[in-house]
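Reading through the structure tokens given below for one structure.
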Amino acid sequence: MKHRLLAVSGLAVSLALGTAACSSSGSSSSAAPAGSAPASSASEGSAAAPVAAGSGAAAAMDFGSGCSSVPKSGAGSFNGMATAPVATAASANPVLSTLVTAVKKAGLVDTLNSASNITVFAPDNAAFAKIPSATLAKVLADKAELTKILTYHVAAGRYAPDQLAAGTTIKTLEGATVTPSKMGGSYEVNDAHVVCGNVQTANATVYIIDTVLMPPSS
């Protein structure tokens, strides 16, 4: 528990260091749509290098069958979310209401909204519904454990679809890594399927997934 509390206290520092490292590369290219050439090549076995977002990031193409559940207009639509920071954007999207509740309980709203250029693997309501209600209630009541799980869904830098397809591991703010992949036309992160990907908010690239990711030590 002491280790987890230390990890929680270092979250803001991790965000600052991770995003600073991303911006120091000097890249101003936008996140690339699926099928384009990778913006950078990562060495074998190393974490993928994220793409820094530019002014055209909000215009990147979203994809996935779950995108049909996103509102067509208003703050929760793709256009609406593109103008708001990620936690605020998620709160306007009805398919992410359980995730928003978890983020609020963990006290991460301001941390996520103030971060610069991050990637969020966002479990939808159906993903949380897979967890037994008693287990979910227990996790939501444990702020340290909840923060550990939620930060396992966030990475510094904006990752484009072609970088996920490359299959190189991505280090999360929790400290452990996730492994993305592409099988045919389906993108996955660990054992979760991306149901709506490459969703842009003012400060993040979001991939909505159908399963809650669990850190290796949980």
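The residues in segment 119-138 that are within 19 Å of ALA87 (Cβ to Cβ) and either touching a Lys or Arg at 6+ places or on another chain (Cβ under 7 Å) or surrounded by fewer than 20 Cβ atoms within 10 Å (Cβ to Cβ) (or both) can be counted, and the count is 2.
Where in segment 67-186 are there helices (runs of 4 or more DSSP H), lying fully within it, with 1 or more residues that are closer than 18 Å to VAL212 by Cβ and of a type in the set (Gly, Ala, Ser)? Ranges flagged: 86-91, 97-106, 125-129, 133-140, 143-151. If the condition is being crowded, with 18+ Cβ neighbours inside 10 Å and in contact (Cβ under 8 Å) with a residue 40 or more places away in the chain, then segment 89-112 contributes ALA89, ALA90, VAL95, LEU96, ALA102, VAL103, ALA106, LEU108, THR111, LEU112.
Laboratory data are not the source of any read-out in this text; all were calculated from the coordinates shown. All values reported here derive from a predicted model rather than from experimental measurement. Don't worry about glycine lacking a Cβ; one is built from the backbone with ideal geometry, like all the others, and counts go over all protein chains shown.
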